[in-house]
Structures are given as structure tokens and as C-alpha cells.
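Okay, so here's the structure we're looking at.
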Amino acid sequence: MTSTAKPQLPGLERIRARFVLMLSNRQAQIAEHALSAWDGETLEDINGNLAAAQAILHQIAGSAGSIGLPELGRSARDCELAIARHLEGPDADLAICPGELIHQLDGFVLLCLRITGSETAAQDS
């Protein structure tokens, strides 16, 4: 008889639980930065908030896959790279926040809400 369950490293479940607990706070920070960038009126407000969101996404992307959340890791990396393309692109010196970027970040936040179990609570508010 063979088992299809993957062996887990000792303590991995505890690390994953802590990550998911921290994810709730991180996704809220990303959402706040995205809204602030969208509502921003100056280049510094917009790009500063996008860069702050990018830094948090980088942290998530770097560890999500290794604790068994590959979809979250890919989504974080995709958002991180989309922000980098904007900040390094031809519109980086304009005080605009692309709607596509906000849409992508919104999808990431929704994924986080599903993982943390907060999705139904967010829908009820």
C-alpha cells in the first residue's frame, strides 16, 4: 500500500499557520496601498504606495510556494512584476495608477481572503 500524501517537514504546519495569520494583515496593507495609489494625486503618492505594495508582495512571493501555497506565490509574483513594469515603464513619471494594476491587485487580495477564510466575512460587511 502506498500513500499519496506528501511527507511534511517537522514544524511546517506551524510555519504555514503563522504565514496565513500574517497574510491577513499583509493583504490589508496591500489593499490600502492600492487604494491610496488609485486615489493619489501626486507622483510620489502613487508610486510610493505602489512600491510599498510591491515590497510586501515580494515577501509573500518569496515564501508562499515553499509552504505549500504555489498559487498565492505566483499571484504575488505576477503583481510584483506588474508593479515593477509600471514603475520602470514610460508612464512612471506620470501621476497615474493603471486600472489594470488595481484589478490585478484586487484579484490577489481576493485570493488572500479565500486562503485566510476571511472571504465570507468581507462579503457580509
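The values are calculated or read from the model by the stated rules, or taken from the named source; none is laboratory data. Bear in mind the structure is a predicted one, so any value in this text is a computation, not a measurement. Cβ atoms come from the backbone with ideal geometry, glycine included; neighbour counts cover every protein chain shown. These area figures cover heavy atoms from the full protein model, side chains too; ligands, DNA and RNA do not enter into them. Shrake-Rupley method; radii C 1.70, N 1.55, O 1.52, S 1.80 Å.
Electrostatic tally near LEU35: other residues with Cβ closer than 13 Å to its Cβ, Lys and Arg +1, Asp and Glu -1, net -4.
Sorted by average packing, counted as other Cβ atoms within 10 angstrom per residue and highest first, what order do 64-70, 11-17 take?
Result, highest mean first: 64-70, 11-17.
The Cα atoms of segment 17-65 give a gyration tensor whose axes a ≥ b ≥ c have a/c of 1.5 or more with a/b greater than b/c, which makes the shape prolate. Rolling a 1.4 angstrom probe over the chain with all protein chains present gives an accessible area of which 55% lies on carbon and sulfur atoms. Only helices enter this figure: runs of n ≥ 4 DSSP H residues, each worth -39500 (n - 2.57), summed and divided by the residues of the chain, yield -25500 deg cm²/dmol at 222 nm to the nearest 500.
Normalised per residue, the accessible area of the chain is 62 Å², obtained with a 1.4 Å probe and no contribution from ligands, DNA or RNA.
Overall, the anisotropy analysis places segment 71-113 in the oblate class: the square-rooted eigenvalues a ≥ b ≥ c of its C-alpha gyration tensor yield a/c not less than 1.5, with a/b not exceeding b/c.
Structural descriptor for segment 49-123: relative contact order 26 percent, calculated from alpha carbon pairs under 8 angstrom and at least 6 residues apart.
Per-peptide packing, taken as the mean over residues of other Cβ atoms within 10 Å, places 52-60, 88-96 in the sequence 52-60, 88-96 from highest down. Axis of helix 12-39 versus longest Cα principal axis of the chain: the two differ by about 10°, to the nearest ten degrees. The stretch between GLU32 and ALA92 holds 19.6 nm of extra length on full extension. This uses 0.36 nm per residue minus the Cα-Cα distance. The magnitude of the dipole of the chain, with charges of +1 and -1 set on the Cβ of Lys/Arg and Asp/Glu and taken from the Cα centre, is near 1000 debye.
With a/c under 1.5 counting as rounded, go ahead and sort segment 46-125 into rounded, prolate or oblate using the C-alpha gyration tensor (a ≥ b ≥ c being the square roots of the eigenvalues; past the cut-off, prolate if a/b is larger than b/c, else oblate). Here segment 46-125 falls in the oblate category. Remark: relative contact order (the chain) = 29 percent; criterion is Cα-Cα distance under 8 angstrom and separation of 6 or more residues.
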